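Q: Structure incoming, see below.
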Amino acid sequence: MEITQQCVVALTWTLQDTLGEDLDVLSDPVEFLVGGGDLLAKIEEALQGHVAGDTLRLHLEPEDAFGDFDEELIFLEPRARFPTVLEEGMSFDGGALPEGLSEAIPRDRMYTVTEIYPEHVVLDGNHPLSGIALRLKLTVNAVREASEEEIGRGTAGTGFFKVQSAEPGSPTLH
């Protein structure tokens, strides 16, 4: 079956920066809905017409991937407002940030703790891969028709590199 809109693809990948440094490796296939909200537009476009067994190599500029780095999404907040156990790399959903932080912080994104000082914490609302050009080697492991439920939800259950809240020391990008 060829990849078209409203089908589900099982992918594995190696994601690298432009220097060839591995940023993420997914060796077990994960399913994504093509034509939903699971994949970046440039990846969906490149997958069209491919079949199981195909391998693609893509170069994605920041504007085609996770956007440019936005310094206005960096916030310096009081350390006392955060939990006692706090580590660099921890993520917080904007809607679940501690009380008493700046009202200027948009609540519709994820924030990563990038630095911890005795009196302050630096929160970064940029995607961890923003501002970075990426090289992506994708392998199509399987292609199937999407169910009505998947089409209705707009997802096969997995988004491409969505940042999820993590326990200390275990950040995850997918």
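Q: For residues in segment 1-40 being among the polar types (S, T, N, Q) and under 19 Å from R135 (Cα atoms), which is modelled with the lowest pLDDT?
A: T18
Q: Something else about it: Going through L15, L86 one at a time, which residue ends up being assigned by TED's automatic domain parsing to the domain that holds A142 and surrounded by 11 or more Cβ atoms within 10 Å (Cβ to Cβ)?
A: Exactly one of L15, L86 is assigned by TED's automatic domain parsing to the domain that holds A142 and surrounded by 11 or more Cβ atoms within 10 Å (Cβ to Cβ), namely L15.
Q: Same structure again: Quick test for you: out of V113, V140, pick the one residue that is in contact with a Leu (Cβ under 8 Å, 6 or more places away or on another chain), assigned by TED's automatic domain parsing to the domain that holds I43 and modelled with pLDDT of 95 or more.
A: Every option except V140 fails the conditions.
Q: Continuing with this model, one more query. Among residues belonging to segment 125-144 that are among the aliphatic types (A, V, I, L, M) and assigned to a loop (DSSP other than H, G, I, E, B), point out the one that is surrounded by the most Cβ atoms within 10 Å (Cβ to Cβ).
A: L129
Q: Still on this structure, I have one more. Being among the β-branched types (V, I, T) and within 19 Å of E61 (Cα to Cα) is the filter here, so list the residues in segment 1-24 that pass it.
A: T14, T18
Q: Just the residues that are over 20 Å from the mean Cα position of the chain (by Cα), of a type in the set (A, V, I, L, M) and in a loop (DSSP other than H, G, I, E, B), please, taken from segment 76-104.
A: V85, L86, L101, A104
Q: Among the residues of segment 32-73, write down those that are in a loop (DSSP other than H, G, I, E, B) and within 29 Å of D124 (Cα to Cα).
A: Within segment 32-73, G36, G37, D38, L39, L40, E61, A65, F66, G67, D68, F69, D70 meet the criteria.
The values are calculated or read from the model by the stated rules, or taken from the named source; none is laboratory data. Owing to the predicted nature of the structure, the values given are computational and were not obtained by experimental measurement. Ideal geometry is used to build each Cβ from the backbone, glycine not excepted, and the neighbour counts take in all protein chains shown.
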